[in-house]
């Protein structure tokens, strides 16, 4: 197993509630998993914990084992050796993630320079190869361009080139297709899949878009208020979702059947961290809520091979 996250809990300052509450997930070599959920579900925070980029006021419990080593036990120097080389990340907004003061060649070159002793000319050859790999035409012209001179899709390709520069074993992609048009989105998804296959590189793909999940993922983890509420193979998830939150997300997609001549939406809103209900955290929005849901917190349990859900009311749906 490449990555094993066990009983991960994160809370900030003196907050009684955990922002991330008992997360367990595994990533095999070459596997693409997807973390799915609404904004505020804890997807990005989970990924930042894996990169060990959480702020100093966070209290973290559990284990994050990468190739058997617990990342939470490593000092910052050891983590710097891993970031970019072994584990890399594509951030959600490349215009913010890329430095506006430096050109493309410098920014990709710095990633390579940090972990190798290659000369500038050698780095340039690698950078040109990377730009060609991410399907950028005229890479020699792009080398000297700055982020503001590039389109959104082009900036995202630059971010991918930076992330794969050292052929990491794990790539974390945080909403990499957000704000891109459909055509560019499909190109980026295909690019990530192709690179994953070529390098046997594992991917944690974070998104709220279930159509994107269907396109790219092997396995799905559905998150709600810092908890995993369903885990399943991607085909099983779309064919036979079990958790009411998962069902609601799928029914809310455009193209699904109208309910009473209206698009379906999950009732209510995601509560803030200080107003998480007792019992099941989804009970105030769930149409299948029973009395036990109001008092007890369900554990994630396996209902069939490799399909787990966190719900008391499985048999009544």
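The values are calculated or read from the model by the stated rules, or taken from the named source; none is laboratory data. Predicted model, so just to flag it, every value in this text is computed and none were measured. Here the Cβ is made from the backbone with ideal geometry for all residues, glycine too, and neighbour counts use every protein chain on show.
With respect to residue 245, determine if the residue is buried (at least 23 other Cβ atoms within 10 Å of the Cβ), at pLDDT 90 or above and assigned by TED's automatic domain parsing to the domain that holds residue 205. Yes: the conditions hold for residue 245. For region 88-108, name all the residues that are out of contact with any strand residue (DSSP E or B) (no Cβ under 6 Å at 6 or more places or on another chain) and within 28 Å of residue 3 (Cβ to Cβ). Answer for region 88-108, where residues must be out of contact with any strand residue (DSSP E or B) (no Cβ under 6 Å at 6 or more places or on another chain) and within 28 Å of residue 3 (Cβ to Cβ): 93, 94, 96, 97, 98, 107, 108.
Against the test of being farther than 30 Å from residue 197 by Cβ, assigned to a helix (DSSP H, G or I) and not assigned by TED's automatic domain parsing to the domain that holds residue 153, the options 72, 48 yield a single qualifying residue, 72. Residue count for region 138-155 under the criterion of being within 27 Å of the chain's Cα centre (by Cα) and assigned to a helix (DSSP H, G or I): the result is 6. Selection of region 252-262 for residues being at pLDDT 70 or above and closer than 16 Å to residue 208 by Cβ yields 252, 253. In summary, strands (runs of 3 or more DSSP E) completely within region 170-285 and bearing 3 or more residues that are touching a helix residue (DSSP H, G or I) at 6+ places or on another chain (Cβ under 7 Å) and within 30 Å of residue 71 (Cβ to Cβ) occur at 170-174, 202-207, 219-224.
Does at least one position in region 9-16 carry a residue that is outside the structural domain of residue 145 (by TED's automatic domain parsing), at pLDDT 95 or above and either over 26 Å from residue 156 (Cβ atoms) or touching a helix residue (DSSP H, G or I) at 6+ places or on another chain (Cβ under 6 Å) (or both)? Yes, some residue in region 9-16 is outside the structural domain of residue 145 (by TED's automatic domain parsing), at pLDDT 95 or above and either over 26 Å from residue 156 (Cβ atoms) or touching a helix residue (DSSP H, G or I) at 6+ places or on another chain (Cβ under 6 Å) (or both).
Taking region 307-317 as the range and being at pLDDT below 90 and outside any helix (DSSP H, G or I) as the test, the residues that pass are 313, 317.
Residues that are surrounded by 14 or more Cβ atoms within 10 Å (Cβ to Cβ) and over 29 Å from the mean Cα position of the chain (by Cα) within region 88-122 comprise just one, 118. So for region 28-43 (the condition being at pLDDT below 95, touching a helix residue (DSSP H, G or I) at 6+ places or on another chain (Cβ under 9 Å), in a loop (DSSP other than H, G, I, E, B) and at negative phi), does at least one residue qualify? Yes, that holds for at least one residue.
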